[in-house]
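Notes to accompany the following structure.
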Amino acid sequence: MSEGSSNDPHPYLRIRDVTKKFGDFTALRNVSLDVNEGEFVCFLGPSGCGKTTLLRAIAGLDIQTVGSIEQAGVDISALPPSERDFGIVFQSYALFPNLTIKRNVGYGLENRKTPKAEIEARVAELLELVGMPEQGDKYPAQLSGGQQQRVALARALATSPGLLLLDEPLSALDAKVRVHLRHEIKHLQHKLGVTTIMVTHDQEEALTMADRIVVMNEGGIDQVGTPLEIYRRPASPFVADFVGTMNFIPATVSGPDRVSIGGNEINVGEGLNGVGVGSPVTVCIRPEDVTTRDIVGSSANSIETTVDNLEFLGSFYRAQLLTTGNGKAKLLADFSINLIRDIGVEEGKTLSISLPESRLRVFEGSAKTEADI
Amino acid sequence: MSNAAALAAQPAASGIKPKLSQDDRIMRGFILMVGVWMTVTVLLPLYAMLSKSFENHDGVFTGIANYIEYFSTPALFYSIENSLFIAIVSTFFTITLAFIFAYGLTRSCIPGKAVFKSIALIPILAPSLLPAISFVYFFGKQGIINEVLMGNEIYGPIGIVMGEVFYTFPHALMILITALSTADGRLYEAAISLRASPMKTFFTVTLPGIKYGLISAIFVVFTLVITDFGIPKVIGGQYNVLATDIYKQVIGQQNFQMGAVVSVVLLFPAIIAFVVDRIVQRKQVALLTARAVPYEPKPLLSFDGIMFAYCCLIGFLIIAVLAMACYASFITFWPYNMTLSLKNYNFDVMDGGGWESFFNSIRMASYTAVIGTIIIFTGAYMVEKAKGFGAVRGTIQFLCILPMAVPGMVLGLAYIFFFNHPDNPLNFIYGTMAILVICTVSHFYTVSHLTAMTALKQMDPEFEAVSASLKVPFFKTFIRVTVPVCMPAILDISIYLFVNAMTTVSAVIFLYSTETNLASVAALNMDDAGDVAPAAAMCMMIVYASATVRIGHALLTRGLAQRTQRWRKR
């Protein structure tokens, strides 16, 4: 897989073999990535994965130890932040508390010998853009968190930078405001067409906002892809585990494209990549992909299970199933309320399920799951 | 599967050498300037003093000969024991009295807490010789209540300890109030629900909670006492301590080498106290969690009554000491002519220094406040906010903390050795106002620096990053954002420098000239010449000046708070 270096021969941002060390600790190892003009890219990963370090390297705030970064065809690897072209929004917003909203937004313009009337017009335009035309004379402390976030965004966009960097911009906000602002930022980015990189640890945020997601783990990139690719075809057990809920079922290779889960043989398509018969593998499937209706014949990858536990989660039920046969594997499946009623799923009852071949991912070895960590 | 694999064919990039921005270069320039300043005003003088202690009169290196002489002269080394004795006894009394007072102000429901606190802070406004002079009028040979000493002399350890307790009380009190008011109320609720007795709660909750504050207060008081010069000079009589020994060796006997030796000896306890205090300060950081609930004392008639009576008593004593100095300054000729007059304020006819010295002090304190605040705050900003340059910044950070460990007498003497050296190109500032200002800024650098650092650390660390991304040079953000936001701390630093410059005697006693005589030095010399009442009058003038500036500062701070409350969160 090489989504990292896209097919575009002239990407807007070209990151090559970037490594960042803090003393003995390696925060980034050999990271390479292309970002195209106008793209919205999310760096997604758990805390400590290096996503913020990469963002700060791109901004020049913590310059990488080795590796190169090119922006719009110019090598910016060693340049200080003031000589790069970007706007940035921090988690804390870093609004200047003693300046009004207008002065905050116009801060970068005032230093460029722009005529006063022009600054005022631009500030008004930006405040309009972020939906706060009437708040210009207030101070940051008088605004809500969401409003402060918009002001920070307006300030970062004021000088029309080529690149917009967002460092966890939504994580200090209430859940509802967060969902609302997600759409607004996405909309704004689309409208302005500014190349944007956002750092987040919230997979939902990444899935809903990004054109492409860069999933990072332990200082490296695990996968780069569209939200759908990341969700549907995770490239590693880590990605599978970090994004969404995933079943990790221990299995053994039992033949060409076939594995055995405690004696139940199923087809896994082309996922085996020549792993030898008898080798341990992990079969992954999302709970919502487990089906139980219309199971016909042996090609349906059907398995007999017993219902161990049923958990009501509002709009659906999450069932914990145990496979029958030698060695009971645990498996989560999401069933609609209708289905539970129609089929009469109850704790303790047996249930035939199907693991559709197209929805399966198989990884070599026995993968660790969240529950193990 | 990752890009790294796909691009493994590419040659490995070599290490990046970040290009410095204009901002980085300016900041580093400033940091180096701070480094040079600290080196010239603290390090080199100390080095000069240290090397002096290993030389004979002719400037020939003699190894530890001076030290051998020192430790074989009982008249000299007995002072070590005296100094330690005074420091330990004074620290014990100050901490005990201040702890109960602070406890009353923070853990009881007595009325008038603000008034009590203001009264308790009065001693800060006075030079340390004021309580000594006042005690002479209370307990001296012609004192109004000298019979309470039951025949004991006030001149000597009794007088010194009493004076030191008065002088150090507010310093201990401020630290203890801070420590006691940052208690977590939830712990006390837990103690009550577990039915712990008040005694047990005190020893298992209160004391551990203020442990670090208490240790810090003990060492601060200890250092203040052992390095103080004014009180033992005025009321010490024949009882020698290290600080007065330095003075006697240098001014009395012109034995600079021995003065240097005593200075080195005095440096030791000061440095030990300094190191312990730094360690304790570092540990204190992680003590309070953000979730702590402030402790709210509940009214309890008997306890509150005792506390109120105690605070009234202490407040009364402090005012009495001040009032006595004030009263004595208006007495025509104690005890023979007790009519009130302004005779003692006619400084121009006294030996020691006229009104000129008072105005010199005002000038010196103003320069120190303005120049010192600019240097210290700007320096702290550069050290805190500059990027990279780690080793240099660390070194300079240490240099900024160092002056706290250097007693005033030692610093003043070190300045003689360094700046009065004929080969020193800075020799020309010797005997001028400049050297007094530089010495005073250095003497009180550390506390001001720490105040600035605390304020700067509360600023969002990303302000500079945002400014850089907007292509605004850092100094614009410094002036437009950092300085306005930190204005309360900046005012605190300047008032601290002003008041200390008004009251200090120790460092400047070696450095004034006839043109730059200072009020506190004049008071000391008048007392030395037997003009005790005029000395009291001069001390009172210092109190009036400090108090006026202090009140002005309070009004300014309040005005500022009102003007900026729209953008300040609380």
**Fill in**
If we ask which residues in the range A:228-250 are within 14 Å of another protein chain (Cβ to nearest Cβ), of a type outside the set (Lys, Arg), outside any helix (DSSP H, G or I) and more than 12 Å from the chain's Cα centre (by Cα), their number turns out to be 2
**Asked** Applying the selection to the range A:251-269, what residues are aliphatic (A, V, I, L, M) and within 30 Å of the chain's Cα centre (by Cα)?
**Response** A:Ala251, A:Val268
**the range B:43-76, residues that are open to solvent by 70 Å² or more (accessible area, probe 1.4 Å) and not in a helix (DSSP H, G or I)** = B:His57, B:Asp58, B:Val60, B:Phe61, B:Ile64, B:Ser72
**Message:** One residue is enough: does the range B:464-471 have a residue meeting the conditions more than 14 Å from every other protein chain (Cβ to nearest Cβ), touching a Leu at 6+ places or on another chain (Cβ under 7 Å) and more than 18 Å from A:Arg103 (Cβ to Cβ)?
**Reply:** no
**Request:** Out of the residues in the range B:447-463 that are within 31 Å of the chain's Cα centre (by Cα) and of a type in the set (A, V, I, L, M, F, W, C), state the one that is farthest from the other protein chains (Cβ to nearest Cβ).
**Result:** B:Val447
**Item:** Selection from the range A:183-205 of residues that are of a type in the set (D, E, K, R), in a helix (DSSP H, G or I) and open to solvent by 20 Å² or more (accessible area, probe 1.4 Å)
**Value:** A:Glu184, A:Lys186, A:Lys191, A:Glu204
**Request:** Filter the range B:139-172 for residues that are under 31 Å from the mean Cα position of the chain (by Cα), of a type in the set (Val, Ile, Thr) and assigned to a helix (DSSP H, G or I) and give the result.
**Result:** B:Ile158, B:Ile160, B:Val161, B:Val165, B:Thr168
**Asked** Taking the range B:366-409 as the search range and keeping residues that are modelled with pLDDT of 95 or more and surrounded by fewer than 19 Cβ atoms within 10 Å (Cβ to Cβ), which one is nearest to B:Val36 (Cα to Cα)?
**Response** B:Thr378
**Item:** Residue that is within 32 Å of the chain's Cα centre (by Cα) and among the small types (Gly, Ala, Ser), where the choices are B:Ser53, B:Ser72
**Value:** B:Ser53
**Asked** Listed residues A:Ile58, A:Ile15; which is open to solvent by less than 20 Å² (accessible area, probe 1.4 Å) and either free of Cβ contacts under 8 Å to residues at least 24 places away in the same chain or within 11 Å of another protein chain (Cβ to nearest Cβ) (or both)?
**Response** A:Ile15
**Asked** Looking at the range A:206-218, is at least one residue open to solvent by 20 Å² or more (accessible area, probe 1.4 Å), charged (D, E, K, R) and in a strand (DSSP E or B)?
**Response** yes
**Request:** Among the numbered conditions (1) open to solvent by less than 30 Å² (accessible area, probe 1.4 Å); (2) of a type in the set (A, V, I, L, M, F, W, C); (3) modelled with pLDDT of 85 or more; (4) farther than 23 Å from A:Phe242 by Cβ, tell me where A:Phe312 comes up short.
**Result:** (1)
**Fill in**
Here the residues within the range B:331-344 that are modelled with pLDDT of 85 or more and buried (at least 18 other Cβ atoms within 10 Å of the Cβ) are B:Ile331, B:Asn344
**Prompt:** Restricting to the range A:231-247, what's the tally of residues that are free of Cβ contacts under 8 Å to residues at least 40 places away in the same chain and open to solvent by less than 40 Å² (accessible area, probe 1.4 Å)?
**Reply:** 1
**Message:** Within the range B:552-561, does at least one residue satisfy the condition of being within 14 Å of chain A (Cβ to nearest Cβ) and under 30 Å from A:Lys138 (Cα atoms)?
**Reply:** yes
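So which of B:Phe475, B:Phe419, B:Phe444 is surrounded by 20 or more Cβ atoms within 10 Å (Cβ to Cβ) and more than 19 Å from the chain's Cα centre (by Cα)? Lay out the reasoning, then the answer.
Numbers: B:Phe475 fails: surrounded by 20 or more Cβ atoms within 10 Å (Cβ to Cβ); B:Phe444 fails: more than 19 Å from the chain's Cα centre (by Cα).
It is B:Phe419.
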**Prompt:** Pairs under 6 Å by beta carbon, first residue over 9 Å from A:Tyr12 (Cα atoms) in the range A:26-43, partner assigned to a loop (DSSP other than H, G, I, E, B) and of a type in the set (Val, Ile, Thr), six or more apart or different chains?
**Reply:** none
**Message:** Residues that are surrounded by fewer than 18 Cβ atoms within 10 Å (Cβ to Cβ) and among the aliphatic types (A, V, I, L, M): list the helices (runs of 4 or more DSSP H) wholly contained in the range A:63-179 that include at least 2 such residues.
**Reply:** A:116-129
**Prompt:** Which one of these does B:Ala529 not meet: (1) small (Gly, Ala, Ser); (2) more than 17 Å from the chain's Cα centre (by Cα); (3) crowded, with 20+ Cβ neighbours inside 10 Å?
**Reply:** (3)
**Asked** When you go through A:Leu153, A:Leu129, A:Leu109, A:Leu164 one by one, which is the residue that is of a type in the set (A, V, I, L, M) and more than 14 Å from chain B (Cβ to nearest Cβ)?
**Response** A:Leu129
**Asked** Conditions: (1) among the hydroxyl-bearing types (Ser, Thr, Tyr); (2) surrounded by 19 or more Cβ atoms within 10 Å (Cβ to Cβ); (3) without any contact (Cβ under 8 Å) to a residue 12 or more places away in the chain. B:Tyr295 meets all but one. Number of the miss?
**Response** (3)
**Message:** Quick test for you: out of A:Arg318, A:Arg341, pick the one residue that is in a strand (DSSP E or B), surrounded by fewer than 18 Cβ atoms within 10 Å (Cβ to Cβ) and charged (D, E, K, R).
**Reply:** A:Arg318
**Request:** Go through (1) open to solvent by 60 Å² or more (accessible area, probe 1.4 Å); (2) hydroxyl-bearing (Ser, Thr, Tyr); (3) assigned to a strand (DSSP E or B) one by one and return the number of the condition A:Ser47 breaks.
**Result:** (3)
**Asked** When you go through (1) at pLDDT 85 or above; (2) under 32 Å from the mean Cα position of the chain (by Cα) one by one for A:Leu272, which number turns out not to apply?
**Response** (1)
**Complete:** Selection from the range A:22-33 of residues more than 10 Å from chain B (Cβ to nearest Cβ), open to solvent by 20 Å² or more (accessible area, probe 1.4 Å) and on the phi < 0 side of the Ramachandran plot yields A:Phe22, A:Asp24, A:Phe25, A:Thr26
**Item:** Residue satisfying condition, being surrounded by fewer than 20 Cβ atoms within 10 Å (Cβ to Cβ) and in contact with a Leu (Cβ under 6 Å, 6 or more places away or on another chain), within set A:Pro250, A:Pro227, A:Pro280, A:Pro256
**Value:** A:Pro227
**Request:** Return a yes/no flag: does the range B:481-494 have any residue that is closer than 16 Å to A:Gly108 by Cβ and either within 14 Å of chain A (Cβ to nearest Cβ) or touching a helix residue (DSSP H, G or I) at 6+ places or on another chain (Cβ under 7 Å) (or both).
**Result:** yes
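Out of B:Ile122, B:Ile158, B:Ile88, B:Ile144, which single residue is out of contact with any Lys or Arg (no Cβ under 6 Å at 6 or more places or on another chain) and surrounded by 19 or more Cβ atoms within 10 Å (Cβ to Cβ)?
Working: B:Ile158 fails: surrounded by 19 or more Cβ atoms within 10 Å (Cβ to Cβ); B:Ile88 fails: surrounded by 19 or more Cβ atoms within 10 Å (Cβ to Cβ); B:Ile144 fails: surrounded by 19 or more Cβ atoms within 10 Å (Cβ to Cβ).
None of the others qualify; the one that does is B:Ile122.
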**Prompt:** Taking the condition crowded, with 21+ Cβ neighbours inside 10 Å and touching a residue at least 24 places away in the same chain (Cβ under 8 Å), does B:Met487 pass?
**Reply:** no
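The values are calculated or read from the model by the stated rules, or taken from the named source; none is laboratory data. Owing to the predicted nature of the structure, the values given are computational and were not obtained by experimental measurement. Virtual Cβ from ideal backbone geometry, glycine too; neighbours counted across all protein chains shown. Side chains included, ligands, DNA and RNA excluded: accessible areas come from the protein's heavy atoms. Shrake-Rupley method; radii C 1.70, N 1.55, O 1.52, S 1.80 Å.
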